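S.K.: Here's a structure for you.
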Amino acid sequence: MSTDDWVAEAVRMQRGGASIIDIADFLRAFGENGGRKINAASALGKEYDWSVKMKLELLSWTEGGVTDQELMSLVPSWFPGD
């Protein structure tokens with residue numbers, strides 16, 4: 001799966017009601033399957049106008065650096081309308 005494909009699927013997931021944890025788990029799987037997580041997080045961040053901090057927190061979660069609760073509380077509004 002290309003980065004563009006990953007972003008398109010992540011956007012579809014979010015519009016379908018996926019949480020940031022669901023998206024982060026999808027990002028982790030993308031990395032485990034050879035995808036470049038940093039490129040995917042950056043591209044998704046552009047889609048939603050995320051700060052660098054938000055992108056880094058998302059990446060950190062995929063490596064076990066923050067818990068689910070920390071990810072959700074550090075930046076409570078990941079997607080428009082949340």
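The values are calculated or read from the model by the stated rules, or taken from the named source; none is laboratory data. Since this is a predicted model, take the numbers as computed values, not measurements. Cβ coordinates were reconstructed from backbone atoms using ideal geometry, including for glycine residues, and neighbour counts include every protein chain displayed. Only protein heavy atoms, including side chains, enter the accessible area calculation; ligands, DNA and RNA are left aside. Shrake-Rupley method; radii C 1.70, N 1.55, O 1.52, S 1.80 Å.
S.K.: Please state which one of Val52, Val66 is at pLDDT below 95, among the hydrophobic types (A, V, I, L, M, F, W, C) and surrounded by 13 or more Cβ atoms within 10 Å (Cβ to Cβ).
M.R.: Val66
S.K.: Next question. Is it the case that Arg36 is under 18 Å from Met72 (Cβ atoms), in contact with a helix residue (DSSP H, G or I) (Cβ under 8 Å, 6 or more places away or on another chain) and either of a type in the set (Phe, Trp, Tyr) or open to solvent by 30 Å² or more (accessible area, probe 1.4 Å) (or both)?
M.R.: no
S.K.: Consider Asp5 against the criteria (1) open to solvent by 40 Å² or more (accessible area, probe 1.4 Å); (2) in contact (Cβ under 8 Å) with a residue 60 or more places away in the chain: it satisfies all of them except one. Which criterion is unmet?
M.R.: Condition not satisfied by Asp5: (2).
S.K.: List the pairs whose first member sits in region 31-47 and is of a type in the set (Val, Ile, Thr), whose second member is surrounded by fewer than 17 Cβ atoms within 10 Å (Cβ to Cβ) and in a helix (DSSP H, G or I), and whose Cβ atoms are under 7 Å apart, counting only residues at least 6 apart or on separate chains?
M.R.: Close Cβ pairs (under 7 Å, with a partner that is surrounded by fewer than 17 Cβ atoms within 10 Å (Cβ to Cβ) and in a helix (DSSP H, G or I)) do not exist here.
S.K.: List every residue pair whose Cβ atoms lie under 7 Å apart, where the two residues are 6 or more positions apart in sequence or sit on different chains, the first residue falls within region 60-73 and is without any contact (Cβ under 8 Å) to a residue 24 or more places away in the chain, and the second residue, located anywhere, is not in a helix (DSSP H, G or I).
M.R.: Ser60/Val66
S.K.: Across region 1-20, what is the number of residues that are under 16 Å from Phe79 (Cβ atoms) and either touching a strand residue (DSSP E or B) at 6+ places or on another chain (Cβ under 6 Å) or outside any helix (DSSP H, G or I) (or both)?
M.R.: 4
S.K.: Looking only at region 15-27, decide whether some residue is modelled with pLDDT of 90 or more, open to solvent by 30 Å² or more (accessible area, probe 1.4 Å) and touching a Gly at 6+ places or on another chain (Cβ under 9 Å).
M.R.: The answer is no; no qualifying residue exists.
S.K.: Please work out if Thr62 is hydroxyl-bearing (Ser, Thr, Tyr) and touching a Lys or Arg at 6+ places or on another chain (Cβ under 9 Å).
M.R.: Criteria met by Thr62.
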